[in-house]
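Written out below as structure tokens is the structure these notes cover.
Please treat every number below as a calculation from the coordinates, not as lab data. Everything numeric here is computed off the predicted structure, so don't read it as measured data. Cβ sites come from the backbone with ideal geometry, for glycine too, and all protein chains shown count toward neighbours.
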Ligand SMILES: Cc1cc2nc3c(=O)[nH]c(=O)nc-3n(C[C@H](O)[C@H](O)[C@H](O)COP(=O)(O)OP(=O)(O)OC[C@H]3O[C@@H](n4cnc5c(N)ncnc54)[C@H](O)[C@@H]3O)c2cc1C
């Protein structure tokens, strides 16, 4: 296939998307016909996260020949940073443990719709809820993923969570190891250091036919007879896209996961005019940016103050909302959780203190509130006033009358020395927007019709998530949709 004047024009559209400036026709005028090494497979998958590798494994099981292109030297996306929670309501693993969860597919569907504020695509959400069990059973039986079940780990505490277990930490890294082992067994080619830089198409009808990649040796072309699957993750590490689409506070968040998910599924598909949805939506959580220490549970205790020693958020809100507030309402996106010794000793905070200690993140400590403020660089008089007001309101049952209100269900007093101040920031976990897909994983155009040959999965696709997600639903949905794409392609062959 040749690089043509047309593809350079396409490059202009991508560049204009990436820079926010008008398209650059000057580039097109320099067009020259160039031949690149070409490789042909049944399907080409760009991106080695859970979405990409599950699509590849299922395709190979279905008798197809997939290839996976990864821009880094190893799987480097959010999957390997994730905790590894997945969701099922009545899987073999749950049955074998004799769990009576009382959970149902319908409850799962309703929870996902509730958390997306009714804005998740109903058909996609139903697909995920109805196929989660089969997918987890397949991951366990066919791929060899090991899950721990039984603990009431993630909301809504229905024992729905399946935590990937094994030697490697975090669970997502272990999950990827199981998947890579299976891919190797199936001889699935994975081409590392191959960055997808352009989509190729049939110039006669616009069907997407392949991917142009940039390698250390130069450009190469990968042709997919059945199409191309964008599995390049979201844009949580692309500050410019975040600024333009999700706003400055989101862009100022340190990333909690991968630095390599930079929005190619939106940029490279732009010339085909996909319907791109929910690009202002993302998940965030607390992090100590400079070290990566994680105060996930600490933020659900005590009070939060800004560098200016002001309360700025409702500490009864979820860690997602508190992280968003920290990024939007504090100077430079920094908050400090203030807790006392009794809270410090809660068993549920053990991992968080370990995270701060092992990553050498600062935790300030003093025997008085004024002393603590001095240690942390806060205003001593202000902090004492805030803590006193808080303790009094707590005693009188008037926390909801504070400004801002504190609606915590189990608020804890800050009375027993020593006292602690834990610095943290709102951190970017994953973005939710992208080209809208249907239940076969086909990317839809602005008129709602499938763009022939173009698929997307995982955080590279849009439609499922809005505002927040049911913990575990992202890895689960990437797997469900990856399988749906591979099964659809198998049907195309018949
Ligand atoms: C700290 C943290 C904890 C999480 N915990 C959970 C959890 O427990 N459960 C859950 O459901 N979700 C969790 N998530 C979210 C989950 O990790 C993601 O939704 C999921 O991993 C996304 O998978 P993916 O396949 O879409 O992409 P990714 O895993 O992000 O992979 C995308 C891959 O594509 C590659 N790539 C990018 N651009 C190109 C290109 N141009 N060419 C070739 N390759 C490219 C990247 O290098 C990367 O390897 C968590 C996320 C974080 C950050």
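Structure values in brief
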| item | result |
| --- | --- |
| Nitroxide proxy distance, nm - points 7 Å out along Cα→Cβ at residue 342 and residue 446 | 6.0 |
| Share, in percent, of DSSP beta bridges within the chain that are antiparallel, nearest 5 | 70 |
| Principal-axis tilt of helix 171-185 within the chain, Cα atoms, nearest 10 degrees | 20 |
| Crossing angle, helix 319-329 versus the chain [Cα axis fit, 0-90 degrees, rounded to tens] | 80 |
| Shape category assigned to the range 168-257 from the gyration tensor of Cα positions, a/c cut at 1.5 | oblate |
| Whole-angstrom gap from the range 420-494 to the range 96-133, using each part's C-alpha centre | 16 |
| For the range 119-177: span of alpha carbons on each principal axis (Å, largest first) | 37, 26, 18 |
| Peptides 195-201, 331-337, 243-249 ordered by average Cβ neighbours within 10 Å, highest first | 195-201, 331-337, 243-249 |
| Viscosity 1.306 mPa s, 10 °C: Kirkwood-radius Stokes-Einstein D of the chain over Cα pairs, µm²/s | 67 |
| Mean projection area, nm², convex hull over Cα of the range 80-190 | 7.7 |
| Spacing of the two label points (7 Å from each Cα toward its C-beta) at residue 375 and residue 74, in nm | 3.7 |
| Ordering of 102-111, 470-479, 173-182, 38-47 by burial proxy (mean other Cβ atoms within 10 Å per residue, highest first) | 470-479, 38-47, 173-182, 102-111 |
| FRET efficiency, residue 185 to residue 151 (Cβ-Cβ, R0 35 Å, nearest 0.05) | 0.70 |
| Between the range 188-261 and the range 298-319, the Cα center-to-center distance that results, in Å | 37 |
| Alpha-carbon spread of the range 284-427, three principal axes, descending order, Å | 38, 30, 29 |
| Helical mean residue ellipticity (222 nm; -39500 (n - 2.57) per DSSP H run of 4+; nearest 500) of the chain | -10000 deg cm²/dmol |
| Segment residue 214-residue 494, extension gain: residue separation times 0.36 nm, minus the distance between their alpha carbons | 97.5 nm |
| Folded to 0 to 90 degrees: helix 122-138 orientation relative to the chain principal axis, Cα | 90 |
| Protection-proxy order for peptides 82-90, 292-300, each taking the mean of Cβ atoms within 10 Å per residue, highest first | 82-90, 292-300 |
| Percent of C-alpha pairs per 5 Å bin, the range 414-464, short to long | 4, 18, 19, 11, 7, 6, 6, 5, 6, 6, 5, 5, 2, 0 |
| Virtual spin-label span in nm between residue 412 and residue 385, 7 Å along Cα→Cβ | 2.7 |
